[in-house]
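Just below is one structure, and these are the notes that go with it.
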């Protein structure tokens, strides 16, 4: 997907809280919004080059979103609103082979008491088909990487673990269920749950996998003004 807004470079100074950061652009220090509640500590280091997306909404307190940063020459997107858009584009373009038979793609749909990122379905449906007519998919954006190994989460997430266990309920209902980890950089070649950061999430992911929930991991092609789903990578559980 391409970003149709102005993208500029800046230098990261500090992040006093989850939603705000101070950066230097054209010799001036300004405050910007950080659209990511994760820690991103290995990316947002003082002096690091970052990318800002200009936002012209006059009601906003800040004129820019901090959407990406360079780590050892690697460009990593950190905008938490991006993964669902990238995955939706990939689903429409049939880039996820296991799911390419689904022709109806709906966002933010409820199953029971849970809301998942996508509900996929087939119409018309062939009763002789061996795959479920409906499929619920949850998407997780990944920004943490070390030596080609991507991990999620980079901060504890009770909600994330709950979603995985709820996907098992979807599977037991006869529907399809999956979680897709979108690594928001190109260089990652392997994915694993970040057990050191959140052991409960790792346990929930293995529980989901053992109960038939599909687990996908893809890296991304990232440029200054675009990000697209790239290659499926190895998963270590």
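FYI, it's all coordinate maths here, none of it is from the lab. All figures in this text were calculated on a predicted structure; none of them were measured in a lab. For neighbour counting, all protein chains shown are included, and Cβ atoms are generated from backbone atoms with ideal geometry for every residue, glycine included.
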Helix 158-172 sits off the longest principal axis of the Cα atoms of the chain, rounded to the nearest 10 on a 0 to 90 degree scale, by 20
The FRET efficiency for residue 123 and residue 93, from their Cβ-Cβ distance with R0 = 22 Å and rounded to 0.05, is 0.70
Protection proxy (average C-beta count within 10 Å per residue), highest first, orders 76-84, 151-159 as 76-84, 151-159
The ratio Rg/Rh over the Cα atoms of region 1-160, Rh being the Kirkwood inverse mean 1/r radius, stands at 1.05
FRET efficiency for residue 101 and residue 226 from the Cβ-Cβ distance with R0 = 25 Å, rounded to 0.05, comes out at 0.35
Within the set 179, 170, 110, GNM on the chain using Cα springs under 10 Å gives the largest fluctuation to 110
Expressed as a whole-number percentage, the relative contact order of region 63-143 with C-alpha contacts under 8 angstrom and at least six residues apart is 22
For the chain, the longest principal axis of the Cα atoms and the Cα long axis of helix 82-92 enclose an angle in degrees, to the nearest 10, of 40
Expected sort for 206-217, 21-32, 180-191 on mean C-beta neighbours within 10 Å, highest first, is 180-191, 206-217, 21-32
In whole µm²/s, the translational diffusion coefficient that Stokes-Einstein assigns to region 7-77, given a Kirkwood hydrodynamic radius over C-alpha pairs, 4 °C and 1.567 mPa s, equals 108
Taking alpha-carbon centroids only, region 98-121 lies from region 131-181 a number of Å equal to 13
Relative contact order as a percentage, the chain, C-alpha pairs under 8 Å and 6+ apart, gives 16
One finds, for residue 18 and residue 147 with R0 = 25 angstrom and r their Cβ-Cβ distance, a FRET efficiency to the nearest 0.05 of 0.40
Percent antiparallel among DSSP beta bridges confined to the chain, nearest 5, equals 70
The helix 199-210 Cα axis meets the longest alpha-carbon principal axis of the chain at an angle in degrees, between 0 and 90 and rounded to 10, of 30
Computed on Cα atoms only, the convex hull of region 82-235 has an orientation-averaged projected area in nm² of 9.0
